[in-house]
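Enquirer: Got a structure for you, written out below as C-alpha cells; questions coming shortly.
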Amino acid sequence: MSLEEDDVQAVHRLNQAFRRISEQLSKVIVGQQSVIEELMIAMFARGHCLLVGVPGLAKTLLIRTLADTLTLKFSRVQFTPDLMPADITGTEVIQEDKLSGTREFKFLPGPIFANVVLADEINRTPPKTQAALLEAMQEHQVTVGGKRHKLEQPFFVLATQNPIEQEGTYPLPEAQLDRFMFNTFVDYPDEDEELEIVRRTTTDHHVELTPTLDGEEILQLQKIVRKVPAADHVVRYALQFTRLTRREKGEVPQFIDDYVGWGAGPRASQFLVLGAKARAALHGRYFATCDDVRAVALPVLRHRIMTNFNAEAEGIRADDIVRRLIEVIPATDDGTLSRGKLPEIFGSADAR
C-alpha cells in the first residue's frame, strides 16, 4: 500500500504546516520542542492531550499560543472545586417570546463548544464535573436535557495538570485518562533556555503571531494522517508494547510480572499506530516506521500502565516500564519482527 500523488502532496503540505506552526510557537515558547511535536501529533491524529508539569513551565501559554496560530475558536476553562457540569457543557434556560407570550427552553452553549478547549488544572474539580468532558471527548457531542448537540470540528481538549500539589485535587479516573491520546510531560528548561525565558519576560517583548491553518485545512490534513501506510510488522511491533503489559494474558517479561498491576488496553495500540503515522507525516515521510512507534510510546503508555505496590516501594514508574520495553522488544524496519509472537528474548530468564 502506498500513497497516491495527491496524498503525497498533502503530506508535503502537512510537513510545511508543522514547520510554520513550530516557527510561530518559537516566537513565544522557548525550547520544549518535544512537547510541541507531541501536541502537533495529537492534533493531526484527532486526539486529546494532557500536559503534566509543575507550575511556571508555560503549559497554559503554550496551548493558548497554539490556538493563536490556528484560525480556530478557542476557550479556556479554569477548573475549580465549585465548577459544575453545566458550566462546561451549557444549560437550558426558559426564554419568553415577547410577541406571542409563549415560553420555551433555549440551550445556551458552554465553553466546550469551541475547536480548542483548554481544561486548565483539570484535576482541581470533582469527578462529577470531570465526567462532563467524557462524552465530548469520545463522541464529539454533548447531551443536555435529552437532546444531543454536535460539537464543531475539529475539536481538541488540551488539559493541564500539576503533579506536585495533591491536596484539594481529584485524580482523573482511569476511564477518563484513557480518552487522552497523549500524557505529555513538561520538564524544566535547561540553563540556556531559562536564560532566554528570563530575557524575554523581563523586557517589553511583544510578538505578532500569524495564523497558519484554518479548520477546514486541519480536517483535510487529519484525513491524510490515516492514509499514511503502516506495514504489518510496524503494527505488530506496536501491539507488543500493549500486549506485553498484560500480566494476566500469557507470557510476559519478569519485570512486568513484578511491577505492573494492570496493563494497557486496545486504545493504546490504536494510538501508538496513529501517533506513528502522524509523526511520520509531520516529518515529511510517507510511511510509518518502528522508530515512530518508539517515539510516541512514552506519551501513549505512561498513563495506561498501572504499577503495583512493589513498583512504588522501589521507585519504579510507568515511564521506567515503557523504557525497559523499548530496550527488550526487538524491532527492525525490514519486516523481520516475529508474527505476533512473544520475542525470543523473553524465552529465557526474562520471562516468567
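The values are calculated or read from the model by the stated rules, or taken from the named source; none is laboratory data. All of these numbers come straight from a predicted model, not from anything done at the bench. With ideal geometry, Cβ positions are generated from the backbone for all residues, glycine too; neighbour counts draw on all protein chains shown.
Enquirer: Give the stretch 186-222 a look and list any residue that's acidic (Asp, Glu) and over 22 Å from Ser34 (Cβ atoms), or say none.
Expert: Asp204, Glu208, Asp214, Glu216, Glu217
Enquirer: Right, here's the next one. Only residues that are part of a loop (DSSP other than H, G, I, E, B) and more than 24 Å from Pro171 (Cβ to Cβ): list them for the stretch 64-95, please.
Expert: Thr69, Leu72, Lys73
Enquirer: Check Gln78, Gln138 and return the single one that is of a type outside the set (Ser, Thr, Tyr) and out of contact with any strand residue (DSSP E or B) (no Cβ under 9 Å at 6 or more places or on another chain).
Expert: Gln138
Enquirer: Here's another thing I want to ask about it. Whether any residue in the stretch 83-90 is hydrophobic (A, V, I, L, M, F, W, C), over 26 Å from Arg302 (Cα atoms) and either assigned by TED's automatic domain parsing to the domain that holds Ala288 or buried (at least 21 other Cβ atoms within 10 Å of the Cβ) (or both) is what I want to check.
Expert: yes
Enquirer: From the list Leu57, Leu61, exactly one residue is part of a helix (DSSP H, G or I) and either free of Cβ contacts under 8 Å to residues at least 12 places away in the same chain or of a type outside the set (Lys, Arg) (or both). Which is it?
Expert: The match here is Leu61.
Enquirer: All but one of (1) aliphatic (A, V, I, L, M); (2) touching a Phe, Trp or Tyr at 6+ places or on another chain (Cβ under 9 Å); (3) within 17 Å of Val328 (Cα to Cα); (4) surrounded by fewer than 20 Cβ atoms within 10 Å (Cβ to Cβ) hold for Ala231; state the number of the condition that does not hold.
Expert: Only one criterion is unmet by Ala231, namely (3).
Enquirer: Is it fair to say Phe185 is within 22 Å of Ile316 (Cα to Cα) and surrounded by 14 or more Cβ atoms within 10 Å (Cβ to Cβ)?
Expert: yes
Enquirer: Provide a single number: the residues in the stretch 296-315 that are surrounded by fewer than 19 Cβ atoms within 10 Å (Cβ to Cβ) and of a type in the set (A, V, I, L, M).
Expert: Number of matching residues: 2.
Enquirer: Only residues that are assigned to a loop (DSSP other than H, G, I, E, B) and touching a residue at least 60 places away in the same chain (Cβ under 8 Å): list them for the stretch 98-133, please.
Expert: Passing the criteria: only Asn115.
Enquirer: I'd like the full set of residues that are at pLDDT below 85 and touching an Asp or Glu at 6+ places or on another chain (Cβ under 8 Å), limited to the stretch 123-142.
Expert: None - no residue of the stretch 123-142 is at pLDDT below 85 and touching an Asp or Glu at 6+ places or on another chain (Cβ under 8 Å), so the list stays empty.
Enquirer: Quick one: Glu208 ticks every box in (1) surrounded by 12 or more Cβ atoms within 10 Å (Cβ to Cβ); (2) at pLDDT below 85; (3) of a type in the set (Asp, Glu); (4) closer than 30 Å to Arg13 by Cα except a single one, so which number is it?
Expert: Tallying (1) surrounded by 12 or more Cβ atoms within 10 Å (Cβ to Cβ); (2) at pLDDT below 85; (3) of a type in the set (Asp, Glu); (4) closer than 30 Å to Arg13 by Cα, Glu208 fails exactly one: (1).
Enquirer: Could you count how many residues in the stretch 68-78 are without any contact (Cβ under 8 Å) to a residue 60 or more places away in the chain and either buried (at least 23 other Cβ atoms within 10 Å of the Cβ) or of a type in the set (D, E, K, R) (or both)?
Expert: Selection size over the stretch 68-78: 2.
Enquirer: Taking the stretch 124-148 as the search range and keeping residues that are within 16 Å of the chain's Cα centre (by Cα) and surrounded by 18 or more Cβ atoms within 10 Å (Cβ to Cβ), which one is farthest from Asn183 (Cα to Cα)?
Expert: Ala136
Enquirer: Right, another one. I want to confirm something. Restricting to the stretch 246-280 and keeping residues that are in a loop (DSSP other than H, G, I, E, B) and in contact (Cβ under 8 Å) with a residue 40 or more places away in the chain, which single residue is surrounded by the fewest Cβ atoms within 10 Å (Cβ to Cβ)?
Expert: Gly250
Enquirer: Here is a further query. If Ile164 meets every condition in (1) among the aliphatic types (A, V, I, L, M); (2) in contact with a helix residue (DSSP H, G or I) (Cβ under 9 Å, 6 or more places away or on another chain); (3) part of a loop (DSSP other than H, G, I, E, B) apart from one, which number is that one?
Expert: Result: Ile164 fails condition (2) only.
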